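> I'd like to ask some things about the structure below.
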Amino acid sequence: MSQLREIVENSERIVFFGGAGVSTESGIPDFRSAGGLYSREGEHYAPEEILSRSFFDRHPAEFYDYYRAHLIYPDATPNAAHRALAALERAGKLTAVITQNIDGLHTAAGSQNVLELHGSVLRNRCMACQREEGIAVVLESSGVPRCPGCGGVIKPDVVLYEEPLDENVLARAVAEISRADTLIVGGTSLVVYPAAGLIRYFGGENLVLINRDATDYDGLATLTIREPIGEALAEFAA
Ligand SMILES: [Zn+2]
């Protein structure tokens, strides 16, 4: 742990890249392991099918049943890892948080430069008139949420399976990683696109991996920490 403290002390442009493991300590499960199969009219769907764009377009009501039950956690609050990263940014040590999570907890913890590769459940948009809504339009409705302005179907600003990532967010993530002197990767096994690809842009001094399980990248790391990420980063939390 003193090794991590030393790396942080000697770094000026830390970038954090995080996955589902960052939010599990806030009570948000990895959706890939959540909910299991969804059954409808005798048919069974895997989460990857329900959370696909074609399923959303064909069966929006069923999509929203699953989505409200398994992807939205309105009572979740930031944990020590979120707080530590926000504190490191305030201290001028950290330049960006890049996350695969869609829960908005980094921003809730006070982080300013947050690149949400998979979007956010907190932002929602009318597919007809593009009006932007918060999460209330989803939480305070049942079935398919409709635009208060025009009645159009609301779609979460979340990247579904079959949809491309936002190119602007991806380009900013690449730029931040290429300029970083230290890259801390946490709560991801780095097997899911685009995580593994993004790591390749890092050319800085220290690659720190904080993950419960071993990853294919452990051999490249300056430091690997096999602890819950909240504990690993707790000392940096304000
Ligand atoms: Zn509308």
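The values are calculated or read from the model by the stated rules, or taken from the named source; none is laboratory data. Since this is a predicted model, take the numbers as computed values, not measurements. All Cβ positions, even for glycine, are placed from backbone atoms using ideal geometry, and neighbour counts span all protein chains on display.
> Name the residue, out of 55, 17, that is part of a helix (DSSP H, G or I) and either modelled with pLDDT of 95 or more or not assigned by TED's automatic domain parsing to the domain that holds residue 195 (or both).
Result: 55 is the single residue among 55, 17 that is part of a helix (DSSP H, G or I) and either modelled with pLDDT of 95 or more or not assigned by TED's automatic domain parsing to the domain that holds residue 195 (or both).
> Name every residue in region 29-52 that is touching a helix residue (DSSP H, G or I) at 6+ places or on another chain (Cβ under 8 Å) and at pLDDT 90 or above, in order of residue number.
Residues satisfying the conditions are 49, 50, 51.
> Look through region 142-156, keep the residues that are in contact with a helix residue (DSSP H, G or I) (Cβ under 6 Å, 6 or more places away or on another chain) and not in a strand (DSSP E or B), and return whichever of them is surrounded by the most Cβ atoms within 10 Å (Cβ to Cβ).
So the residue we want is 145.
> Among 141, 178, 189, which is the only one that is outside the structural domain of residue 101 (by TED's automatic domain parsing) and of a type in the set (Ser, Thr, Tyr)?
The match here is 141.
> Please verify whether region 105-113 includes one or more residues that are assigned to a strand (DSSP E or B) and in the same structural domain as residue 193 (by TED's automatic domain parsing).
Checked region 105-113: no residue is assigned to a strand (DSSP E or B) and in the same structural domain as residue 193 (by TED's automatic domain parsing).
> Something else: Scan region 157-168 for residues that are under 17 Å from residue 67 (Cα atoms) and either outside any loop (DSSP other than H, G, I, E, B) or within 11 Å of the ligand (Cβ to nearest atom) (or both) and jot them down.
157, 158, 161
> Considering only region 213-230, I want to know if a residue exists there that is farther than 16 Å from residue 17 by Cβ, touching a Gly at 6+ places or on another chain (Cβ under 9 Å) and away from the ligand (no atom under 16 Å from the Cβ).
For region 213-230, residues farther than 16 Å from residue 17 by Cβ, touching a Gly at 6+ places or on another chain (Cβ under 9 Å) and away from the ligand (no atom under 16 Å from the Cβ): present.
> Test residue 43 against the stated conditions and say whether it is farther than 20 Å from residue 104 by Cβ and touching a strand residue (DSSP E or B) at 6+ places or on another chain (Cβ under 8 Å).
For residue 43, the condition - farther than 20 Å from residue 104 by Cβ and touching a strand residue (DSSP E or B) at 6+ places or on another chain (Cβ under 8 Å) - is not met.
> Among the residues of region 122-141, are any in a helix (DSSP H, G or I) and free of Cβ contacts under 8 Å to residues at least 12 places away in the same chain?
yes
> For residue 62, are the conditions met, namely being in a loop (DSSP other than H, G, I, E, B), more than 30 Å from residue 206 (Cα to Cα) and more than 16 Å from the ligand (Cβ to nearest atom)?
no
> Would you be able to say whether some residue in region 169-180 is within 16 Å of the ligand (Cβ to nearest atom), outside any strand (DSSP E or B), among the hydroxyl-bearing types (Ser, Thr, Tyr) and more than 18 Å from the chain's Cα centre (by Cα)?
no
> Select, from 112, 130, the only residue that is surrounded by fewer than 21 Cβ atoms within 10 Å (Cβ to Cβ) and at positive phi.
130
> Among the listed residues 135, 98, 154, which satisfies the condition of being away from the ligand (no atom under 16 Å from the Cβ), more than 30 Å from residue 10 (Cβ to Cβ) and of a type in the set (A, V, I, L, M, F, W, C)?
135
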